[in-house]
1. Please go through (1) modelled with pLDDT of 85 or more; (2) assigned to a loop (DSSP other than H, G, I, E, B) for Gly83 and return the number of the only condition it doesn't satisfy.
2. Using the structure shown, decide if Asn58 is farther than 30 Å from Pro132 by Cβ, loosely packed, with under 12 Cβ neighbours inside 10 Å and outside the structural domain of Gly126 (by TED's automatic domain parsing).
3. Just the residues that are more than 20 Å from Leu5 (Cα to Cα) and of a type in the set (Asp, Glu), please, taken from the range 67-97.
4. Name the residue, out of Val129, Val114, Val133, Val53, that is farther than 30 Å from Lys30 by Cα, at pLDDT 90 or above and touching a helix residue (DSSP H, G or I) at 6+ places or on another chain (Cβ under 6 Å).
5. Contact list please: Cβ distance under 6 Å, first residue in the range 81-105 and on the phi < 0 side of the Ramachandran plot, second residue in a strand (DSSP E or B) and of a type in the set (Asp, Glu), pairs at least six apart or on different chains.
6. Ser68: under 30 Å from Glu11 (Cα atoms), touching a strand residue (DSSP E or B) at 6+ places or on another chain (Cβ under 9 Å) and of a type in the set (Gly, Ala, Ser), yes or no?
7. In the range 153-163, is there at least one residue being modelled with pLDDT under 85, farther than 18 Å from Glu3 by Cα and either out of contact with any strand residue (DSSP E or B) (no Cβ under 6 Å at 6 or more places or on another chain) or part of a helix (DSSP H, G or I) (or both)?
8. For Tyr64, indicate whether it is in a helix (DSSP H, G or I), more than 26 Å from the chain's Cα centre (by Cα) and aromatic (Phe, Trp, Tyr).
Amino acid sequence: MLEELKSKLGEEIERLTHELQVTLPKAIQKAVEHGDLKENSEYKSALERQQFVQARLNHLTKRYGELSKIDLTHIPADRVGFGSRVTVLDLRTKEEETYTLVFGDYIDVDSGQVSVASPLGQALTGKKVGDPVSIQLPRGERKLKIKALTTLPQMVDTPADGA
């Protein structure tokens, strides 16, 4: 999972760098050639996009650096944390749900990814299998129980071929 995140970040950094260094300068130059910059919406749009891309690129570069510093030996193998895949039982509905804890930038709700900074992510972090989890939501309290857990260190230690 860690390598997958780093790969996604790397691809987006590469795409944005190309846009910032090649695509946007051409768009700005083309807009400048149209003349009066005060009322030139193409020019203003290109400059706004350039500022956005630069800000996003700075954010992603910082995030990539943070991911590169993650030491799996400091992540507990028996507690929920970043990268963990957690199966919980909703004590009210008796339904099981599985979530993977990720950074906020890479949430994919359809595949069960939850940000570690979300209320659910915060409530799950640090818990073990069998622990109860209580989350205060706008519509009321939600009570869960952790049924299964696979942590990031366990995923990395498990061979891909199952051997």
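The values are calculated or read from the model by the stated rules, or taken from the named source; none is laboratory data. Remember, predicted model here, so these are calculated numbers, not experimental data. FYI the Cβ positions are ideal-geometry reconstructions off the backbone, even for glycines, and counts take in every protein chain you see.
1. (1)
2. Details: farther than 30 Å from Pro132 by Cβ: yes; loosely packed, with under 12 Cβ neighbours inside 10 Å: yes; outside the structural domain of Gly126 (by TED's automatic domain parsing): yes.
Taking the combined requirement at face value, the residue satisfies it.
3. Asp78, Asp90, Glu95, Glu96, Glu97 - these are the residues of the range 67-97 that are more than 20 Å from Leu5 (Cα to Cα) and of a type in the set (Asp, Glu).
4. Numbers: Val129 fails: touching a helix residue (DSSP H, G or I) at 6+ places or on another chain (Cβ under 6 Å); Val114 fails: at pLDDT 90 or above; Val53 fails: farther than 30 Å from Lys30 by Cα.
Only one candidate qualifies: Val133.
5. Taking only residues 6 or more apart or on different chains, the pairs are Thr87/Glu96; Val88/Glu97; Leu89/Glu96.
6. On the way: under 30 Å from Glu11 (Cα atoms): yes; touching a strand residue (DSSP E or B) at 6+ places or on another chain (Cβ under 9 Å): no; of a type in the set (Gly, Ala, Ser): yes.
Considered against the rule, which asks whether it is under 30 Å from Glu11 (Cα atoms), touching a strand residue (DSSP E or B) at 6+ places or on another chain (Cβ under 9 Å) and of a type in the set (Gly, Ala, Ser), Ser68 comes out as no.
7. Checked against the condition, which is being modelled with pLDDT under 85, farther than 18 Å from Glu3 by Cα and either out of contact with any strand residue (DSSP E or B) (no Cβ under 6 Å at 6 or more places or on another chain) or part of a helix (DSSP H, G or I) (or both), the range 153-163 yields at least one hit.
8. Details: in a helix (DSSP H, G or I): yes; more than 26 Å from the chain's Cα centre (by Cα): no; aromatic (Phe, Trp, Tyr): yes.
No; evaluated as a whole, the condition is false for this residue.
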